[in-house]
Amino acid sequence: MVKKQQLNIGGMTCAACSASVAKAVNDLDGVNASVNLATETLSFEIPDDSKYGVNDIESAVINTGYKVVHFAEDAEANDIHLLKRKQKEKEYISLKNDLILSFLFLFPLLILAMGPMLGLAIPTIISPDKEAFNNALLQLLLTLPIMYAGRRFFSSGLRTLRLLHPNMDSLVALGSGAAFIYGVFSVIMIANGYDHYVHQLYFESAAVIITLILLGKFFEFKAKRRTSESIEKLLQLSPESANVFRDGRVQTIAVNKIVVGDLILIKPGEKVAVDGKISKGSSSIDESMINGEPLPKDKHKGDRLIGGSINLDGSIQMIAEKVGKDTMLAQIVELVENAQGEKAPIAQLADKISLYFVPIVILISIIAGLSWFIAGKEIEFILNIMISVLVIACPCALGLATPTAVMVGTGKAAQLGILVKGGESLENVHKAKQIVLDKTGTITKGKPIVDKVFGANPTEILHIAASAENHSEHPIAQAIVEEAKRKNLPLLSIENFVNFPGKGIELKCEGASIKIGNKHMLEGLTIPNELIVNKDELAKEGKTVIWFVKDNKVSGIISIMDEIKEDSKKAIEELKEMGLKVTMLTGDSKESAHHIAQQINIDTIISEVLPEEKESIIKNIQAKGEMVIFVGDGINDSPALARADVGIAIGSGSDIAIESADFILMRSSLMDVTKAIRLSSATLQTIKQNLIWAFVYNIIGIPIAAGVLYAFNGPLLNPMIAAAAMSFSSVSVVLNALLLKLFK
């Protein structure tokens, strides 16, 4: 089995970076890899029979000019994220300090370089007209700290350029570096008596380019930090410590030291540390942060608890069953991370373009410069053109377009109790024309309830039946007991209890001989006509019939049904409004299926289906050329969930079903299916907007920078304006993605 692995990559700044890394790894025969710029991760799969290993992957990354960031192999998810956060915080502080340094020296530099043009009085000792060399030398000295503040662009850009994998930093380094070098050349010419060069210094251009791009990076960094808030919030759900019974007393220990089998004391107001089962006590538990369910749930002995949920009132004891990476919270974090690490297929075009983008921009810059040289323009004009082309180009926006939207979209989904496994499923869900719904546990609650009681004395029938079924674990028996509890009927004394497997039970209650069960318990007995009518009506509705016999007389029927979820009908109406054809798929009888479908307005029903046939039915629909969404919850739904173009698992279902699905709904509500589809639509729309903006920006910006408009008596783009536009492009893409946080 091929397992997906991830590496953390350092030093990537734009789409050209991520595209270069992805190409280098994919060039290894049989290896399948993708790189996410927003999360700075490389996801890859190595076939079992491959001659390459993880070390080869790392070497390929390093050879492109980037580094692999390692964390302790045994570190828990929280620890790794803490280390990542600390690392990012260092980067943030470094970036902020460099930005402050840059601004401190930029303002006096601009006054010195551009003051005379604005009518500002410059002291004679540094006046460009009176003391040209002093003016030029001071501009150089003021520019040097700014060049130092932008050292990241030169170290990264020139390194990747040397390795023939140029990136965005290469463009910035070439543009600002060319301006700076020409400025130094001008200072040398002034020192040799050519004072007119004082009006051809490009120091302010180099300084403004670096400062504005640092400013853009700063805003982009802050915005990108907000895109990962969902992971941070999920991790914060887990407490740092718990009260555990050790050596005969309660000790407070770190959560990562808890082992399976530990007995944990959870006081009112405390968070549940790990997944487990209540061994003593009862309480109300708030699970809203895990599954989005707003109302707390009453939990008693034997009920399961999820790590990260909150104990609201009673003091309870819990036996730890899943710890560390096995807890539901850890798995949710992993699912969200994996989804954020993957790319939607729509991003593939951007990746391909990004790979060749920077070399093409460099080529355009050279061609534009040569063209204007041939046209007879002076060196300052040509330099202005070449620098503008280099600086305005923005593969950053291309690289951030998809991952930022996916990060925010999947993070928002997690907050709503919807887990998305990857970018491909985000895109496929909109191409689907059909949605196939499992019935039991999906449309219905999957829990039998008493529908009606027929007979001369319905209360007595229910009262005795509940008393008889009280000790049975059978779902139907439990449904009868629950109905009696709801009607406040106390349990009666039972004698001579005998169970007949596959038929029913026989007993004595208050002196009467009682039989309760299916039709096999009625041998030799006469059924009253009115009960036959009732039975026939119930059969048409697909309901289960439980017969009640008292003193060898058939005296009643208990009707059992699987209740439809409150919001199933509304959800199906919304799915139809979205243009989806809705089909119900079930192993139940035709009568039962049609009765349920009639109540919720489903026209297409496929009933009496064996578990192994569900996948074939999905396959047959796909054979007609239609993409299919399948929604299910049981183990028998797993093949169908895997076969469907998009599988959506009800979160209360089995682990196997969840493993097979593309979307996991933490709540058992079909309304979350419509919500998942709408959120996916909004995410994909944002991706498209971002990509269109990034493409259009470059298609328009680069020709303007190259002087196309100037050739037709239009304006000429200043390199400083180009730097501001480049920074704005990246930031705007991230901010647009953040609008997904407003989704409801």
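Derivation of every value follows stated rules applied to the coordinates shown; laboratory data play no part. Note that the structure is predicted; figures quoted are calculated from it, not measured. In this analysis, Cβ positions are derived from the backbone assuming ideal geometry, glycine residues included, and neighbour counts consider all displayed protein chains.
Here are the numbers for this structure:
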| read-out | value |
| --- | --- |
| The stretch 4-74, relative contact order in percent, only Cα pairs under 8 angstrom and at least six apart counted | 40 |
| Reachable aspartates and glutamates from Lys421, criterion Cα separation under 17 angstrom, eight or more residues apart if same chain | Glu45, Glu334, Glu337, Glu342, Asp633, Asp645, Asp655, Glu659, Asp662, Asp672 |
| Vicinal HN-Hα couplings computed from phi for the stretch 567-583 (Karplus, 6.51 cos²θ - 1.76 cosθ + 1.60; Hz; Gly/Pro x) | 9, 5, 4, 5, 5, 5, 4, 5, 4, 5, 5, 6, x, 8, 7, 9, 10 |
| Residues with amide H under 5 Å from that of Phe500, placed H, sequence gap 5 or more | Ile505, Glu506 |
| Sorted by Cβ neighbour density within 10 Å, fewest at the top, the residues Glu131, Glu523, Glu469 | Glu523, Glu131, Glu469 |
| Rounded, prolate or oblate (a/c below 1.5 giving rounded, otherwise prolate when a/b exceeds b/c) for the stretch 4-74 by Cα gyration tensor | oblate |
| Förster radius 60 Å - calculated FRET efficiency between Leu141 and Ser279, Cβ distance, rounded to 0.05 | 0.25 |
| All-pairs Cα distance distribution in the stretch 120-182, expressed in whole percent, bin size 5 Å | 4, 17, 19, 16, 13, 10, 9, 7, 4, 1 |
| Prolate/oblate/rounded label for the stretch 459-511 (Cα gyration tensor, a/c 1.5) | oblate |
| Electrostatic dipole magnitude of the stretch 240-331 [Cβ: Lys, Arg +1; Asp, Glu -1; Cα centre; debye, to 20] | 280 |
| Given charges at beta-carbon only (K, R positive; D, E negative), |dipole| of the chain in Debye | 1120 |
| Percent of Cα pairs exceeding the 22 Å cut-off, where the set is the stretch 240-331 | 17 |
| Pairwise FRET efficiency - Ile700 versus Thr604, Cβ, R0 = 45 Å, nearest 0.05 | 0.40 |
| Karplus 3J(HN,Hα) series, Hz, for the stretch 190-205 with 6.51 cos²θ - 1.76 cosθ + 1.60 (x for Gly, Pro) | 5, 4, 9, x, 8, 5, 5, 5, 4, 8, 10, 6, 10, 4, 5, 5 |
| Projected-area average for the chain over all orientations - Cα convex hull basis, square nanometres | 43.0 |
| Cβ crowding within 10 Å averaged over residues, with 677-685, 94-102 ranked highest first | 677-685, 94-102 |
| Over 23 Å between alpha carbons, listed pairs Lys297/Lys565; Lys299/Lys412; Lys503/Lys614; Lys86/Lys217; Lys233/Lys322 | Lys299/Lys412; Lys503/Lys614 |
| Charge dipole (the chain, unit charges on Cβ, about Cα centre) - positive-most of Phe105, Gly446, Gly707 | Phe105 |
| Whole-angstrom gap from the stretch 419-480 to the stretch 16-31, using each part's C-alpha centre | 49 |
| Residue exposure sequence - Val259, Val391, Val68, Val631 - by fewest surrounding Cβ within 10 Å | Val259, Val68, Val631, Val391 |
| Projected label distance in nm at Asp48 and His520, using a 7 Å step from Cα toward the beta-carbon | 4.5 |
| Size of electric dipole in the stretch 4-74: Cβ of Lys, Arg +1 and of Asp, Glu -1, about Cα centre, debye, nearest 20 | 320 |
| Inter-centroid distance (Cα atoms) of the stretch 109-124 relative to the stretch 306-332, Å | 67 |
| Charge dipole (the stretch 452-561, unit charges on Cβ, about Cα centre) - positive-most of Ala539, Pro475, Val498 | Ala539 |
| Positive-end extreme of charge dipole, the chain - chosen from Ser732, Val21, Pro528 (charges on Cβ) | Ser732 |
| Amide H within-cut-off set for Val68, under 5 Å, with H built and near neighbours excluded | Gly10 |
| Per residue Cα convex hull volume in Å³ - calculated over the stretch 452-561 | 98 |
| Value of relative contact order over the stretch 240-331, rounded to a whole percent, pairs C-alpha under 8 Å and six or more apart | 34 |
| Long pairs among Lys487/Lys569; Lys581/Lys744; Lys447/Lys485; Lys508/Lys550, criterion Cα-Cα beyond 20 Å | Lys487/Lys569; Lys581/Lys744 |
| Packing-based order for 40-48, 639-647, using average beta carbon neighbours within 10 Å, highest first | 639-647, 40-48 |
